[in-house]
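Novice: Got a structure for you, written out below as structure tokens; questions coming shortly.
The values are calculated or read from the model by the stated rules, or taken from the named source; none is laboratory data. Keep in mind the model is a prediction, meaning the values are calculated, not measured. Here the Cβ positions follow ideal geometry from the backbone for every residue, glycine too, while neighbour counts run over all protein chains shown. Only protein heavy atoms, including side chains, enter the accessible area calculation; ligands, DNA and RNA are left aside. Shrake-Rupley method; radii C 1.70, N 1.55, O 1.52, S 1.80 Å.
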Amino acid sequence: DAGVIQSPRHEVTEMGQEVTLRCKPISGHDYLFWYRQTMMRGLELLIYFNNNVPIDDSGMPEDRFSAKMPNASFSTLKIQPSEPRDSAVYFCASRSTGEHYGYTFGSGTRLTVV
Amino acid sequence: AQSVAQPEDQVKVAEGNPLTVKCTYSVSGNPYLFWYVQYPNRGLQFLLKYITGDNLVKGSYGFEAEFNKSQTSFHLKKPSALVSDSALYFCAVRDLRGGGNKLTFGTGTQLKVEL
């Protein structure tokens, strides 16, 4: 298994532009999580899905952020418009119901908004 | 609220010496506790977990953790550190809110193993 795959690995964009981050979870995993990592705030859960349905989006910072999971093998996190304070590493993670709540993380997308 | 605290931002040890990375928790009910490691420019990797059973949990790469209910601690340990163990270590707890599917992470401890 290739693990959780995220793209792109690095993204540099100008303030005001739309950014889309992508994630392919491990096949068979029915939970998908989006986390953001910054020096100031550490690891924050933004949103998670179960069977492609958003369950908890209470961590999404504001309306500029949106996430979708159109099928079991793909999810996107979109920021529109982007701002410099959105600069962070964004991680996707997945797990299956049968696991004892341990996650498998992707390698992350490092987003820089200038 | 479920939370974990990692009191040390950084831990330095000499190669070959034992290492301990500290974690304390605050939960209502029985805790589900985890340790993850993050190498530079990589995602978090699962090391070990405590769900129930023996208080000493063994994990990947020779790491182990001791669950101590009276001290509400879950410290990560390794008998003999390697330079390659240098990384960022996160303690995490299952968050019971919202169905118990979320993990809440500590702030991380940077481990540096020196020759």
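Novice: Considering only protein heavy atoms, what is the solvent-accessible area of B:H75 at a probe of 1.4 Å, reported in Å² to the nearest 10?
Specialist: Here the accessible area works out near 40 Å².
Novice: Which parts of segment A:54-100, residue by residue, lose 50 Å² or more of accessible area when the rest of the protein chains are there, as against the chain isolated (1.4 Å probe)?
Specialist: Those are A:H100, which lose 50 Å² or more relative to the chain on its own.
Novice: Moving on. Report the FRET efficiency, 1/(1 + (r/R0)^6), for A:S73 and B:T52, where r is their Cβ-Cβ distance and R0 is 41 Å, rounded to 0.05.
Specialist: 0.80
Novice: With N residues in chain A, what two-decimal value do you get for its Cα radius of gyration over 2.2 N^0.38 Å? Before the final figure, lay out each step's value.
Specialist: Details: Rg = 13.3 Å, N = 114, 2.2 N^0.38 = 13.3 Å.
So the Cα radius of gyration is 1.00 times the expected 2.2 N^0.38 Å.
Novice: What are the residues of segment B:66-115 that lose 50 Å² or more of accessible area, with a 1.4 Å probe, going from their chain alone to all protein chains?
Specialist: For segment B:66-115, once contacts with the other chains are taken into account, B:N101, B:K102, B:L103, B:F105 lose 50 Å² or more.
Novice: Please grab the % of Cα pairs in chain B that end up more than 16 Å from each other.
Specialist: On the way: 3704 of 6555 pairs.
When all Cα pairs of chain B are counted, 57 percent exceed 16 Å.
Novice: Turning to a different aspect of this structure: Rounded to the nearest percent, how much of the accessible area of segment B:68-115 (1.4 Å probe, protein heavy atoms only) is carbon and sulfur? Don't jump to the answer; show the numbers that get you there.
Specialist: Details: 1130 of 2060 Å².
C and S atoms contribute 55 percent here.
Novice: Further question: Per the 1.4 Å probe, what fraction of the accessible area of chain A, in percent, lies on carbon and sulfur atoms?
Specialist: Details: 2750 of 5520 Å².
Looking at chain A in its full context, I get 50 percent from C and S.
Novice: Here is a further query. Cα to Cα, under 21 Å, and not fewer than 8 places away if on the same chain: which lysines meet these conditions relative to B:K49?
Specialist: In chain and number order, the partners are B:K22, B:K58, B:K69, B:K77, B:K78, B:K102.
Novice: So, one more: Need one number: nm distance between label points at A:S27 and B:E15, each 7 Å from Cα along Cα→Cβ, rounded to one decimal.
Specialist: With each label point 7 Å from Cα toward Cβ, the separation is 4.0 nm.
Novice: Here is a follow-up. Probe 1.4 Å, all protein chains in place: accessible area of A:I5 in Å², nearest 10?
Specialist: 80
Novice: Considering the Cα trace of the protein assembly as shown, what is its radius of gyration and what is Dmax, both in angstroms?
Specialist: Spelled out, the Cα radius of gyration and Dmax of the protein assembly as shown are 17.7, 52 Å.
Novice: Could you give me the percent of Cα pairs per 5 Å distance bin for segment B:68-115, shortest bin first, beginning at zero and ending with the bin that holds the maximum distance?
Specialist: 5, 16, 18, 20, 17, 12, 7, 3, 1, 0
Novice: Could you do me a favour and compute the accessible area per residue for the protein assembly as shown, 1.4 Å probe, result in Å²?
Specialist: Working: 10990 Å² over 229 residues.
In whole numbers, the protein assembly as shown has 48 Å² accessible per residue.
Novice: Let me ask you something else. For the A and B pair, go ahead and give the buried accessible area with a 1.4 Å probe, both sides summed, in Å² to 100. Don't jump to the answer; show the numbers that get you there.
Specialist: Numbers: alone 6330 and 6290 Å², together 10990 Å².
Separately minus together, A and B give about 1600 Å² buried.
Novice: Given a 1.4 Å probe and the protein chains all in place, what does the accessible area of B:T72 round to, in Å² to the nearest 10?
Specialist: B:T72 has an accessible surface of roughly 50 Å² with all protein chains in place.
Novice: Continuing with this model, one more query. Which FRET efficiency value, to the nearest 0.05, do you get for B:T72 and A:R9 by plugging their Cβ-Cβ distance into 1/(1 + (r/R0)^6) with R0 = 25 Å? Walk me through the numbers before you get to the answer.
Specialist: Numbers: r = 38 Å, r/R0 = 1.52.
Calculated value: 0.05.
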